[in-house]
Structure formats: C-alpha cells, structure tokens
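S.K.: Mind having a look at this structure? Questions to follow.
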Amino acid sequence: WNISEPLSRFFFVDQKILYNRFWLNLGDFETVGFAFNSSFDLYSVDMLRGPDGELPAKLRSVEPYLIERITNEIMNKMPDVRWEDIAGLQYAKKCVTEMVVWPLLRPDIFKGCRSPERGLLLFGPPGTGKTMIGKAIAGEAKATFFYISASSVLGKWMGESEKLVRALFGVASCHQPAVIFVDEIDSLLSRRSDGEHDITRRIKTQFLIEMEGCDTGSEQILVIGEARATNRPQDLDEAARRRLTKRLYIPLPSSEARAWIVRNLLEKDGLFKLSTEDIDSICKSTEGSDMKNLVKDASMGPLREAFKQGIKISKLKKEDMRAVTLQDFENALQEVRPSVSLNELGSYEDWNNQFGSFS
Ligand code: ADP
C-alpha cells in the first residue's frame, strides 16, 4: 500500500483508532469507500491540536472519537460543484450568491447593514437540486462543507445525537468558512408536539442553541436547511424558521433544465445518443418527475434488454451494449412515479407566499 501522508500520520499517531474505525465501519460501504477513494485521507483529532498540544476551546469538551467521525464522515473540504453544474434556477443562484456566497468570501465588507444571513432554508420537491445548491455554495465560497441528514441524526447517531450536534458545530468552527447542510431539517426541527420524545426535544434544543451561537458570534458558519415533500416546511418549528432567515423555494425544473439534466447525466457515463426530437419528447412527458431517478431507471434499459435476450450480465461486454433510447425513457416513466403531486406543489407555493423570502 502506498500510505499517504495523512494516513501515515494517523497510523502512527493512533493505530488503535484506525483499527477500530475499520472494524466499526465494515458494514458501512460509503465510509470504507470514502476512506479508500481518498487514499486513506483520514484525519486524526491530533491534527486539530495547536502547537501547545491543546485542542481549540470549542472542542475541549467534545469526545475525540466524535471529532474524528465528523471530520472523516460528514466533512467534505470544498466540494467540486459549481454554479455551471446546476441547470436553470438562475434566480436562486443570483440570490444565493449575493446573500451567502459573497459574505463568506469577503466577511470584511459584509458588516453592519450588509451583515450576512446565517441561515438559509431551501424548500421544494425532492430531487430538484437543493443539495447541489448547498454544495455549490460551499464550492463557490471555498468553504468546508458538512452534510448531515436528519434521518442519520435520528437513526444511526441516535443515543449520541446531542453530542454529535455540539461536535459538528465545534468542528465547523475549526474549519471556517463552513457550510453545514441539514437534509430534511423539517423532521429534525419540527414543531413541538405533545407526544414528542424527550431525546428528540433535546436534539432540537441543542441544534437551536448552536445555531444561535453562530448568529451572535463572528463565526463564518452558514447553516442550510433542506425541506422537501414528505415533511413539508409547514412542519418547521417557529424558532427554527426564525433562525433560517432566508427561505428560498426551489421549484421543479423547467423543460430546458430537464433536457440539460438528462443530457448531462447520460454524457457523464458516455451513454448519450438521443436526438433533439427524443429529448423534446422526454421533456414534454416529465413534468413533476424526479429526473435523476428517471435517468437512472432509463439507463437500466439496455441491461434489462440484454438480460431478457439471455445474455449473462457478468459476460456482457461494454462495447456491445446499446445506447439509452427514447423507449427506455418511456418505460422508465411507467415505473418512476412523479415525485410530487399538484396538491403538494400548491402547498409549497402557499408556504412560499407566506414565509418565503422571495416571490
Ligand atoms: P434535492 O436535494 O433537491 O433532493 P439533489 O440536489 O440531491 O436534490 O439532486 C438530485 C440529483 O438530481 C443531482 O445529483 C443531479 O444529478 C440532479 N439534479 C437535480 N436538479 C438539478 C439541476 N437543477 N441541475 C443539475 N442537476 C440536477
């Protein structure tokens, strides 16, 4: 193995942690994949220590294993998404650039009446590019990106979620400017209800405390919440809504944006052979569809056909595979249901009229 510099540091600093990490994560392909893909670019908590051997004040009461898990699993130093990777959404891009990207790039001139927004809510149907916008904000602002989903906080991290939330903001403050993206924030910070579990309430309180800390301090940390169909923004706690000062509706992609997404996703894998007429026809029938899921399903068409013809997938040669066709999209449209109903769209628009920052 070609042990990269961070690993060798990590390895010799604490062999036990490395060993434990691999055993703990054997079932977690994403994490192991990440570790391998980045040539063992694992971070140790020791990398955050100052010359005096001390951790930054915010992290002193945080358990080291949490700091390491956040750094290795949740943090992504400057994602490589840029505005030009996102189709359409010109208005959202323009607003977000002024509201949050410029302030992260130039904190010195975004003071007083130009003081920046600390929280941004992106809401709308699933699969419309909200996560991409979050990554592009971090990419454009040269910020460190932290991605956390409410389902992981309430699932895999349950039991230590409160500590995790504290650690997350602590690590982010050591990697400023930072963007913390919270997927499905509406289920994490939903309105208080009588039947609410104690632990859920505590996580929510911790989150709001940390967000408040970002508001008052001079920290360069932007929190982006994402809210989508199943847990609608209507369910968001009022205190959370107030802290997410800008709320931007990310609608379904326009016909041109849908064409762009189809072409882009297929071209990436060298599978694009559709004619302009085919693309037009796909765009006409895909209003309301989750485009990524649709392209994914359509791209299975050639494989399904080969399998039907009795060709073993293990023996299938890449060069013998046919391109993805209009028929594959028509078949996929039978399988992949629209991700949002007209009814749901209406309720986003109502919420946008009531609480959105822009009409
Ligand atoms: P959301 O966070 O809104 O659920 P994502 O940002 O995760 O959606 O988008 C899912 C996928 O769909 C992306 O990885 C991308 O391939 C595609 N996609 C969705 N919207 C766009 C867009 N406007 N431009 C380019 N790709 C998009």
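Derivation of every value follows stated rules applied to the coordinates shown; laboratory data play no part. This one's a predicted model, so the numbers in the text were calculated from it and none came from an experiment. A quick note on method: Cβ atoms are made from the backbone with ideal geometry, for glycine too, and the neighbour counts reach across all protein chains shown.
S.K.: Could you sort out which of Lys94/Lys292; Lys135/Lys296; Lys163/Lys246; Lys135/Lys312; Lys156/Lys296; Lys135/Lys268 sit more than 29 Å apart by Cα distance in this structure?
M.R.: Numbers: Lys94/Lys292 24 Å; Lys135/Lys296 21 Å; Lys163/Lys246 27 Å; Lys135/Lys312 39 Å; Lys156/Lys296 27 Å; Lys135/Lys268 19 Å.
From Lys94/Lys292; Lys135/Lys296; Lys163/Lys246; Lys135/Lys312; Lys156/Lys296; Lys135/Lys268, over 29 Å: Lys135/Lys312.
S.K.: With 10 angstrom as the radius, rank Leu303, Leu189 by how many other C-beta atoms surround their C-beta, starting from the fewest.
M.R.: In order of increasing Cβ crowding within 10 Å: Leu303, Leu189.
S.K.: Check the straight Cα-Cα distances from Lys93 and name the aspartates and glutamates below 12 Å, setting aside those fewer than 8 residues away within the same chain.
M.R.: Within the straight-line cut-off, Lys93 pairs with Glu84, Asp85, Glu140.
S.K.: Under 5 Å between amide H atoms, partner at least 5 residues away or on a different chain: which partners does Met78 have, H built in plane at 1.01 Å?
M.R.: The answer is Thr144, Phe145.
S.K.: Now, a different point. List the aspartates and glutamates whose Cα sits under 14 Å from the Cα of Lys58, skipping any in the same chain fewer than 8 residues away.
M.R.: Lys58 reaches Glu210, Glu219.
S.K.: Can you give me the convex hull volume of the Cα atoms of segment 49-203, divided per residue and expressed in Å³?
M.R.: On the way: hull volume 23.5 nm³, N = 155.
It is 152 Å³ per residue.
S.K.: Under a Cβ-Cβ cut-off of 9 Å, what is the net charge of the residues other than Ser151 that fall near it, where Lys and Arg count +1 and Asp and Glu count -1?
M.R.: Result for the local shell: -1.
S.K.: In a shell of Cβ-Cβ distance under 14 Å around Glu256, excluding Glu256 itself, what net charge do Lys and Arg (+1) and Asp and Glu (-1) give?
M.R.: +1
S.K.: Taking neighbour counts of Cβ atoms within 10 Å as a proxy for exposure, in what order, fewest first, do Phe207, Phe355 appear?
M.R.: Working: Phe207 28, Phe355 16.
Fewest-to-most Cβ neighbours within 10 Å comes out as Phe355, Phe207.
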